[in-house]
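The values are calculated or read from the model by the stated rules, or taken from the named source; none is laboratory data. For clarity, every value in this text was computed on a predicted model and none was experimentally measured. Glycine also receives a Cβ, built like all others from the backbone with ideal geometry; neighbour counts cover every protein chain displayed.
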């Protein structure tokens, strides 16, 4: 009986956690790679780490992608060594499971699930 109660509690916690969206929280470094024309693909400035809004006036094009920045000075810094900063943008979104500590690649798991909920950014 104790095992059944424990199992029920674990299932409840897992379902609550999964449905809350915390399990697939946005890491901030990834954003829609298939966004609208002119929208930055990143949500965090690759140079200073500041927030980048979709309508930021501070952006540049690199290899056909729009890169957004938190301030005008970051554009010049990015252009001096774009590969260095693109590596920060293109890194994987990894989270740690709070239950077991396993590292989860959010984008890969979303691709595997193929529910359509993740949008075209993860396909």
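Looking only at segment 53-67, which residues are touching a strand residue (DSSP E or B) at 6+ places or on another chain (Cβ under 7 Å) and outside any strand (DSSP E or B)? Across segment 53-67, the qualifying residues are 56, 58.
Yes/no per residue for (1) within 27 Å of residue 38 (Cα to Cα); (2) buried (at least 16 other Cβ atoms within 10 Å of the Cβ); (3) modelled with pLDDT under 80:
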| site | (1), (2), (3) |
| --- | --- |
| 55 | yes, no, no |
| 59 | yes, yes, no |
| 66 | yes, yes, no |
| 92 | yes, no, yes |
| 108 | yes, no, yes |
| 111 | yes, no, yes |
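Looking only at residues in segment 77-90 that are assigned to a helix (DSSP H, G or I) and over 18 Å from the mean Cα position of the chain (by Cα), which one is surrounded by the most Cβ atoms within 10 Å (Cβ to Cβ)? Taking the candidates together, the pick is 78. Does residue 35 qualify as being closer than 25 Å to residue 109 by Cα, surrounded by 12 or more Cβ atoms within 10 Å (Cβ to Cβ), modelled with pLDDT under 85 and touching a strand residue (DSSP E or B) at 6+ places or on another chain (Cβ under 7 Å)? The answer is no for residue 35. Restricting 100, 118, 74, 70 to residues that are surrounded by 11 or more Cβ atoms within 10 Å (Cβ to Cβ), assigned to a loop (DSSP other than H, G, I, E, B) and modelled with pLDDT of 70 or more narrows the list to 70.
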